[in-house]
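Reviewing the structure listed below.
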Amino acid sequence: MVRFSVFCAALTALLLAEPAHADDNIVTVGMILPMTGQQASTGKQERAGAELYMQQHGDTVAGKKIVLEVKDDTGAADVTKRLAEELIGNDHAKVLMGFGLTPLALATAPVATEAKVPEIVSAAATAMITEKSPYIVRTSFTLPQASAPMAEWAAKNGIKKVVTVVADYGPGIDAEKWFSETFEKNGGSVAEKIRVPLKNPDFAPFLQRVKDDAPDAVFVFVPSGQGAIFMKEFVERGLDKSGIKLIGTGDVTDDDLLADIGDAALGAVTTHHYSAAHDSPENKAFVAAFEKANNGMRPNFMAVGAYDGMALIYQALEKTKGDASGDALLAASVIPMALLGGIFSLWITRTPFSVSAAIGFVALFGIAAMDGILILSYYHLSLESGLSRVNAMLQTCRTQLRPVMMTCIVACVGLLPAAFSSGIGSQVQRPLALVVVGGMLLAPALILLVLPVLVLKFCRAQELPEELPREGAT
Ligand code: PHB
């Protein structure tokens with residue numbers, strides 16, 4: 001929820017702050033994916049997921065036309081970073097999305113932070129990614145969330161000794177840690193922890209080590225796209241007939257590759273946040289629509305991450321439209337507050353309402369509205385500097401106390417003699433002066449105490465929290 005607020009805030013800020021371009025009504029979504037190379041299946045699935053969402057929901061939302069710009073980073077982090085910079089600098093991309101591997105999402109984090117552009121991680125899954133920029137939101141998953149339930153299941157289903165085999169980088173290390181710790185906590189033992197290189201892995205020698213260890217099960221994490229090679233070598237080494245059960249996160253039995261994997265997948269048990277076989281009317285409709293739009297290709301969890309990423313963008317745009325009017329309303333809310341003091345001073349001095357008093361109220365409106373705008377604009381500046389909402393408001397009240405008090409004191413002191421005058425012509429100037437003096441005596445308390453509470457309660461769109469969700473946050 002906090003991340004969604006940050007996302008909405010960043011998107012609003014970009015949409016409002018951009019100088020006028022011919023493309024003002026266009027929201028370019030820069031999707032950076034490995035369309036070629038080892039992770040190409042992730043690129044293909046992600047692109048198809050995002051396109052399906054747009055096909056189903058149209059390409060216009062909240063008056064903005066959505067343009068999806070897909071770029072191939074070939075799975076190389078330096079290319080991802082360059083493409084992110086180009087998409088922001090040249091294509092005016094308002095959102096970046098995709099990132100087929102953890103290092104690619106991490107390489108983009110400083111670019112997103114610097115440009116204050118939201119980065120939607122719809123594929124990569126190492127838990128700590130979201131901590132690398134306040135502009136990152138994730139619509140994929142995390143490895144801890146998939147690995148710990150596997151360990152609990154294994155411990156409850158007669159598996160006592162396990163060897164883990166993981167790709168040697170962020171998500172693999174997360175998977176190994178969370179599986180092992182949870183499994184050991186539940187009474188199991190991990191005989192060996194094997195890490196396999198990410199690039200062009202040859203699983204054969206590692207699988208031989210697993211066979212030699214003779215565990216009850218082997219727990220596996222390989223990134224989406226490598227499952228078919230792993231399973232092929234698992235069978236070729238004869239592990240399928242050795243009584244060693246294959247367990248793991250659903251990345252290895254990725255729906256996109258299941259047809260290639262064939263019978264080798266029979267008996268494997270995996271845990272994941274998505275399966276194309278999930279038995280719900282919503283998922284059946286999603287799978288049918290995806291297959292229809294993609295020549296029968298079955299969607300995997302990567303497609304769902306991108307589909308959800310697009311849904312996030314559309315919902316954020318819907319939510320942020322018309323946000324600016326909220327400020328005007330809040331600034332105007334100080335006007336009736338200031339009126340209270342004017343009415344009170346007329347009542348206490350038993351002065352009837354007159355044209356002079358009405359002019360006093362008009363002057364009061366002006367001063368109160370100006371103070372309200374002062375508070376709101378400083379509050380937004382403080383938010384943009386990265387403060388949380390409460391801290392931004394505290395800082396606003398601290399720094400704006402003096403200007404608000406000064407305007408009120410000047411107006412008050414200037415009109416005090418007229419408010420107490422009783423000479424010739426005083427009937428004309430006294431009501432005006434009484435209204436302004438009374439209003440200005442009460443206004444600072446209302447503007448500095450009541451308005452901040454209203455702003456914190458109703459004005460949410462510009463929030464950029466200091467404190468971000470930690471471990472496993474998505
Ligand atoms: C990652 O690099 O974060 C990643 C990639 C593919 C997966 C899971 C995690 O299937």
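Each reported figure results from applying straightforward, stated rules to the coordinates on display, with no laboratory input. Nothing here was measured: the structure is a model prediction, and the numbers come from that model. Every residue, glycine as well, gets a Cβ built from its backbone with ideal geometry; the counts of neighbours run over all protein chains shown.
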(message) If you fit an axis through the alpha-carbon atoms of helix 334-348 and take the longest principal axis of the Cα set of the chain, what angle between them do you get, 0 to 90°, nearest 10?
(response) 30 degrees
(message) Rounding to the nearest 10 and keeping the result within 0 to 90°, find how far the Cα-based axis of helix 102-115 lies from the longest principal axis of the chain.
(response) 20 degrees
(message) Please compute, over every Cα-Cα pair in the chain, the percentage with a separation greater than 27 angstrom.
(response) 63 percent
(message) Please list, in order along segment 223-228, the HN-Hα scalar couplings obtained from phi with the Karplus expression 6.51 cos²θ - 1.76 cosθ + 1.60 (θ = phi - 60°), rounded to whole Hz, x for Gly and Pro.
(response) x, 3, x, 9, x, 5
(request) Please give the helix 143-156 orientation as an angle from the longest Cα principal axis of the chain, in degrees from 0 to 90, rounded to the nearest 10. (result) 50 degrees
(message) Counting just the Cα atoms, what span does segment 65-117 cover along each of its three principal axes? Round to the nearest Å and put the largest first.
(response) 30, 22, 15
(request) Would you please give the residues with an amide H less than 5 Å from that of residue 65, counting only those at least 5 places away or on a separate chain, with H modeled from the backbone geometry? (result) 26, 27
(message) Within a 10 angstrom radius of the beta carbon, how do 176, 236 rank from fewest other beta carbons to most?
(response) 236, 176
(request) Find the eigenvalues of the gyration tensor of the Cα atoms of segment 144-271, then list the square roots of 5 times those eigenvalues as equivalent ellipsoid semi-axes, largest first, in whole angstrom. (result) 20, 16, 14
(message) Strictly over 32 Å apart at the Cα level, which of 185/211; 245/292; 71/116; 44/116 would you flag in this model?
(response) 245/292
(message) Could you tell me the center-to-center distance, by alpha carbons, between segment 390-443 and segment 47-93 in angstrom?
(response) 54 Å
(message) Let's see if you can work this out: charge +1 on each Lys and Arg Cβ, -1 on each Asp and Glu Cβ, no other charges. What is the dipole magnitude of segment 333-458 about its Cα centre, in debye to the nearest 20?
(response) 160 debye
